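S.K.: Sharing a structure, written as structure tokens. Questions coming.
The values are calculated or read from the model by the stated rules, or taken from the named source; none is laboratory data. Since this is a predicted model, take the numbers as computed values, not measurements. When we count neighbours, we look across all protein chains shown, and the Cβ atoms used for this are built from the backbone with ideal geometry, even at glycine.
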Amino acid sequence: MRLIARSTLVAFAAKHPASSAQLEHWQKIVKYASWQNMSEAANAFSRAKSVSGDRIRYDLVGGDYRLIVAFDFVRQIAFVKFIGTHAEYDKADAATVAQF
């Protein structure tokens, strides 16, 4: 899959070093994936949860950080919509947030 807003993830990892290893792992998995639906994208990570018809929330570092990604399976694109701390996530609407 092609990842949109990768630079945002890199910047976030620089600001929050504890998230760096898991973000790199997540990016590597997504890069080589060819998921066809939400179930496949969610099942690739044990702590992932679908939040809408095209978005999945991924927990990082035991839930300290949250990543929301929208998927276009036809075009094989993953759009980063939000990344932040758990507290920042609690203030956002996961189904509609567009941080970037």
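S.K.: What is the residue count in the stretch 27-77 for residues that are farther than 18 Å from Ala87 by Cα, in a helix (DSSP H, G or I) and either in contact with a His (Cβ under 7 Å, 6 or more places away or on another chain) or of a type in the set (D, E, K, R) (or both)?
M.R.: Qualifying residue count for the region: 3.
S.K.: Follow-up question, since we're still on this one. Before we move on, is Arg55 closer than 17 Å to Arg2 by Cα, surrounded by 18 or more Cβ atoms within 10 Å (Cβ to Cβ) and among the basic types (Lys, Arg)?
M.R.: Working: closer than 17 Å to Arg2 by Cα: yes; surrounded by 18 or more Cβ atoms within 10 Å (Cβ to Cβ): yes; among the basic types (Lys, Arg): yes.
Considered against the rule, which asks whether it is closer than 17 Å to Arg2 by Cα, surrounded by 18 or more Cβ atoms within 10 Å (Cβ to Cβ) and among the basic types (Lys, Arg), Arg55 comes out as yes.
S.K.: Right, next: Cβ-Cβ distance below 6 Å, separation of 6 or more or different chains: which pairs start in the stretch 74-100 with a residue that is within 17 Å of Ala41 (Cα to Cα) and surrounded by 15 or more Cβ atoms within 10 Å (Cβ to Cβ) and end on one that is modelled with pLDDT of 95 or more and among the charged types (D, E, K, R)?
M.R.: Ala94/Arg57
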